[in-house]
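*Asks:* Right, I'll just put the structure down here and ask away after.
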Amino acid sequence: VSLGPGLTFDLKADSTGQRWDFTRAADRREALRQIQEQRPFLVIGSPPCTSFCSLNMRFNYPKMNPADVARRVAEGKVLLGFALQVYRVQLDGGRHFLHEHPASASSWAAPGVQRLLAQPGIAAVACDQCRFGLKVKVGNDEYDLAKKPTRFMSSSEEVLKELDRK
C-alpha cells in the first residue's frame, strides 16, 4: 500500500497551525465536511484511549473525583463515536479507514465498535508497536523497543495484511 499526504486533524497544531478539538461539535462538523469534500482513500483514526484504558479504570479512576471521571468517560465516548461516524462516511463513499487503539482498551467492546466489526469486509489484527520501531527511554540517552500490544481495525484488507506481516 502506498499512500500520499493528506488531511490532518491533530489535537496539537496541524500543518496549517490549526488545533482541533473534537469534543466541540463545530470542529466535528468541519472535519466531516472536509472529509466528505476531499474524499480521502484512507482515514486513520486513533482517538484518545485514556477513557478506555484498563490501567486508568483500575488504578486512577477510583482515586479521582467521580465527576471528573464521568466527564473524561463521556468525552472519550464522544471522541470514539466521532471516529466511528467518520468511518461510516468512508464506508458509505466506498473508501477505507484504519482504527488504532491499545489491544486491552475497553473501547473494543463498545457497541458501535462491535457493530462495525460485525460488518462484512471489516476485520482487526493485533500486533506490538515495537514492530514499527516504538521506543521508550530506558537511560540517559538509551532507548529500547516498547512492546505495547495494539489492535488495528480496517476496511482495507491490504492494510491489515501489511500490519499483520510486520
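The values are calculated or read from the model by the stated rules, or taken from the named source; none is laboratory data. Just so you know, these numbers come straight off a predicted model, no measurement behind them. All Cβ positions, glycine included, derive from the backbone under ideal geometry; neighbour counts span all protein chains shown. For the accessible areas, the whole protein counts, side chains as well, though only heavy atoms, and no ligand, DNA or RNA atoms are used. Shrake-Rupley method; radii C 1.70, N 1.55, O 1.52, S 1.80 Å.
*Asks:* What do you reckon, is GLU75 touching a strand residue (DSSP E or B) at 6+ places or on another chain (Cβ under 8 Å) and either under 28 Å from GLN129 (Cα atoms) or modelled with pLDDT of 95 or more (or both)?
*Replies:* Criteria not met by GLU75.
*Asks:* Just wondering, is there one or more residues in the stretch 114-123 that are of a type outside the set (Gly, Ala, Ser), in contact (Cβ under 8 Å) with a residue 60 or more places away in the chain, in a helix (DSSP H, G or I) and out of contact with any Ser or Thr (no Cβ under 6 Å at 6 or more places or on another chain)?
*Replies:* There is no residue in the stretch 114-123 that is of a type outside the set (Gly, Ala, Ser), in contact (Cβ under 8 Å) with a residue 60 or more places away in the chain, in a helix (DSSP H, G or I) and out of contact with any Ser or Thr (no Cβ under 6 Å at 6 or more places or on another chain).
Here's the yes/no breakdown for (1) in contact with a helix residue (DSSP H, G or I) (Cβ under 9 Å, 6 or more places away or on another chain); (2) without any contact (Cβ under 8 Å) to a residue 60 or more places away in the chain; (3) surrounded by fewer than 18 Cβ atoms within 10 Å (Cβ to Cβ); (4) not in a helix (DSSP H, G or I):
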site	(1), (2), (3), (4)
TRP20	yes, yes, yes, yes
SER51	yes, yes, no, no
ALA67	no, yes, yes, no
GLY81	yes, yes, yes, no
PHE97	yes, yes, no, yes
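*Asks:* Being touching a strand residue (DSSP E or B) at 6+ places or on another chain (Cβ under 7 Å) and either open to solvent by 70 Å² or more (accessible area, probe 1.4 Å) or closer than 21 Å to PRO149 by Cα (or both) is the filter here, so list the residues in the stretch 83-95 that pass it.
*Replies:* ALA83
*Asks:* Can you give me the number of residues within the stretch 133-149 that are assigned to a loop (DSSP other than H, G, I, E, B), out of contact with any helix residue (DSSP H, G or I) (no Cβ under 9 Å at 6 or more places or on another chain) and open to solvent by 100 Å² or more (accessible area, probe 1.4 Å)?
*Replies:* Total satisfying the criteria: 3.
*Asks:* Checking GLY4 against (1) open to solvent by less than 70 Å² (accessible area, probe 1.4 Å); (2) touching a helix residue (DSSP H, G or I) at 6+ places or on another chain (Cβ under 8 Å); (3) under 26 Å from GLY93 (Cα atoms); (4) modelled with pLDDT under 95, which test does it fail?
*Replies:* It fails just one condition, (2).
*Asks:* Could you figure out which of (1) free of Cβ contacts under 8 Å to residues at least 60 places away in the same chain; (2) surrounded by 17 or more Cβ atoms within 10 Å (Cβ to Cβ) isn't true of ALA109?
*Replies:* Tallying (1) free of Cβ contacts under 8 Å to residues at least 60 places away in the same chain; (2) surrounded by 17 or more Cβ atoms within 10 Å (Cβ to Cβ), ALA109 fails exactly one: (2).
*Asks:* If you don't mind, there's one more thing I want to ask. Specify the residue that is surrounded by the fewest Cβ atoms within 10 Å (Cβ to Cβ); the eligible residues are those in the stretch 53-65 that are among the polar types (S, T, N, Q) and more than 13 Å from TRP108 (Cβ to Cβ).
*Replies:* ASN65
*Asks:* Considering only the stretch 27-49, state which residues are open to solvent by 100 Å² or more (accessible area, probe 1.4 Å) and either under 27 Å from SER104 (Cα atoms) or not acidic (Asp, Glu) (or both).
*Replies:* ARG29, ARG33, GLN36, GLN38, ARG39, PHE41, ILE44 - these are the residues of the stretch 27-49 that are open to solvent by 100 Å² or more (accessible area, probe 1.4 Å) and either under 27 Å from SER104 (Cα atoms) or not acidic (Asp, Glu) (or both).
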